[in-house]
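The values are calculated or read from the model by the stated rules, or taken from the named source; none is laboratory data. Here the structure is a predicted model, which is why all the values come from computation and not from measurement. Cβ: placed from backbone, ideal geometry, glycine included. Neighbour counts: every protein chain shown. The accessibility values were calculated without ligands, DNA or RNA, using every heavy atom of the protein model including side chains. Shrake-Rupley method; radii C 1.70, N 1.55, O 1.52, S 1.80 Å.
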Amino acid sequence: MRPSESPSTTMSTQLKEFQEHLLKSKKIVALVGAGLSVSSGLPTFRGSQGLWKNFNMIDLATPDAFYIDPGLVWQFYSWRRYTALKAKPNKGHYALAKLSQMGKSPQSDLTYITITQNVDGLSSRSGHCKENLYEIHGSLFDLKCTSFMCNFVDHNNFKQPLTKALADTEEEFDPSHNRKRSLDEQEVSISPQFNPVKTLSEKELPQCPVCKDGSLLRPGVVWFGESLPLSLITKVDNFIESEGSPVDLILVIGTSGTVYPANSYVDRVKLKGGKVAIFNTDIENDIVVGKVKDTWGFKGDAAELLPLALKPLIGEI
Ligand code: BV8
């Protein structure tokens, strides 16, 4: 940052430099995290201390948690499905969808992929091309059989609730609890109470329609400690490492970069000479002011800044 520059000047300088590189780039990757869906009303893993009803979300997103109490984990995912279905894609999702169409059109010499860690389905609902959208952590709307012998997968199941017993577990907080009348009839709001977690038997949970022995279905997401789908990871590796020229630019959007292997792609692109553009509400100041080589930082809501930054390439969103 040149000492005399004001923050807005820095932003515009950053934007100008970034857009010059964007228009020269032939191979672009976007790495997406929960921050992109915040302005669609969805919580992040870090926001609200990463809690759902006093449960640590990361602890619930594990095979052990499902093994110990599948009813609890299904109530967690039933809430995630419910909130994701209520949400709508935002301009950030549509901007990447536009980029994906360019990446697929024969007229354009641009090649592009989106690597999303989000399981909320908002990128595909924004019209993003299926071929270059990689949902590396799966989707809330895929269900798969837990039996080792059965490979049944129910793709794009948007039925809500999935079972009768999961019906009234969608609200995190008990709606009837936050309004009380004081002695003198004054309305006073009290701290919201969690909707109590129910103890559900396996019979009350989604069952595999193929296995006659009542095997449970589980959410089609990748849980911590589980490997990512190999076929999908191989395609991403090929795009980043081998196919044709190296990646010119990686857009790092609304992610804390704490989860492996998703967080390894940025360094792998940098190692091959690619440049990095970060869109996040929380970015180191040195990056924001342009002190870090080959890295741009656009601090703010990705749903706003992404369409703005990509405009010269994708037009108005
Ligand atoms: C594996 C699906 C091996 C489920 C998810 C110790 C050290 C290093 C790594 C490990 C370790 N111990 C274990 C590991 C590996 C582990 C891992 O990385 N753990 C972390 C926690 C340390 N990884 C795994 O377990 C992976 N598997 O390694 O397998 C293996 C190999 C072979 C055989 C067997 C096993 C599997 C990882 C996938 C887990 N599943 N999701 C579900 O969603 O329920 S991860 C889940 O959490 C999300 O998908 C996402 O990836 C992650 C959350 O990260 P973000 O999306 O970045 O969200 P976060 O809340 O953190 O940050 C939000 C950001 O947005 C913030 O920066 C914020 O500032 C910003 N923001 C907020 N508002 C906005 C905004 N930005 C822009 N605009 C806004 N408006």
Residues of region 216-231 being of a type in the set (D, E, K, R) and surrounded by 14 or more Cβ atoms within 10 Å (Cβ to Cβ), in sequence order, are R218
Within region 288-299, does at least one residue satisfy the condition of being within 13 Å of the ligand (Cβ to nearest atom), open to solvent by 20 Å² or more (accessible area, probe 1.4 Å), touching a residue at least 24 places away in the same chain (Cβ under 8 Å) and over 18 Å from Q19 (Cβ atoms)? no
Given (1) open to solvent by 30 Å² or more (accessible area, probe 1.4 Å); (2) part of a helix (DSSP H, G or I), F18 misses just (1)
Taking region 90-131 and keeping residues within 14 Å of the ligand (Cβ to nearest atom) and more than 22 Å from K24 (Cα to Cα) leaves N90, K91, H93, T116, Q117, N118, V119, D120, G121, L122, S123
Note: among A302, A262, just one is within 30 Å of F152 (Cβ to Cβ), within 14 Å of the ligand (Cβ to nearest atom) and crowded, with 18+ Cβ neighbours inside 10 Å, namely A262
Residue hits (region 266-287; open to solvent by less than 30 Å² (accessible area, probe 1.4 Å) and more than 18 Å from G33 (Cβ to Cβ)) are G274
Check your understanding: Restricting attention to region 173-191, does a residue exist that is open to solvent by less than 20 Å² (accessible area, probe 1.4 Å) and either within 22 Å of the chain's Cα centre (by Cα) or at pLDDT below 95 (or both)?
Key -> no
Within region 232-255, does at least one residue satisfy the condition of being within 21 Å of I113 (Cα to Cα), surrounded by fewer than 17 Cβ atoms within 10 Å (Cβ to Cβ) and touching a helix residue (DSSP H, G or I) at 6+ places or on another chain (Cβ under 6 Å)? no
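Among the residues of region 56-74, write down those that are open to solvent by less than 50 Å² (accessible area, probe 1.4 Å) and within 13 Å of the ligand (Cβ to nearest atom). Don't jump to the end; show me each part of the working.
Start the filter on region 56-74 by keeping residues that are open to solvent by less than 50 Å² (accessible area, probe 1.4 Å), which leaves 57, 60-63, 65-66, 70-74.
Within region 56-74, M57, L60, A61, T62, P63, A65, F66, V73, W74 qualify.
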Checked region 199-251 for anything within 16 Å of the ligand (Cβ to nearest atom), more than 30 Å from T169 (Cβ to Cβ) and among the charged types (D, E, K, R); matches are D237
Within region 262-286, of all residues that are more than 19 Å from I28 (Cβ to Cβ) and without any contact (Cβ under 8 Å) to a residue 12 or more places away in the chain, the one farthest from the chain's Cα centre (by Cα) is D286
Condition set farther than 20 Å from T62 by Cα and at pLDDT 95 or above, scope region 132-149, selection farthest from the ligand (Cβ to nearest atom): answer is N132
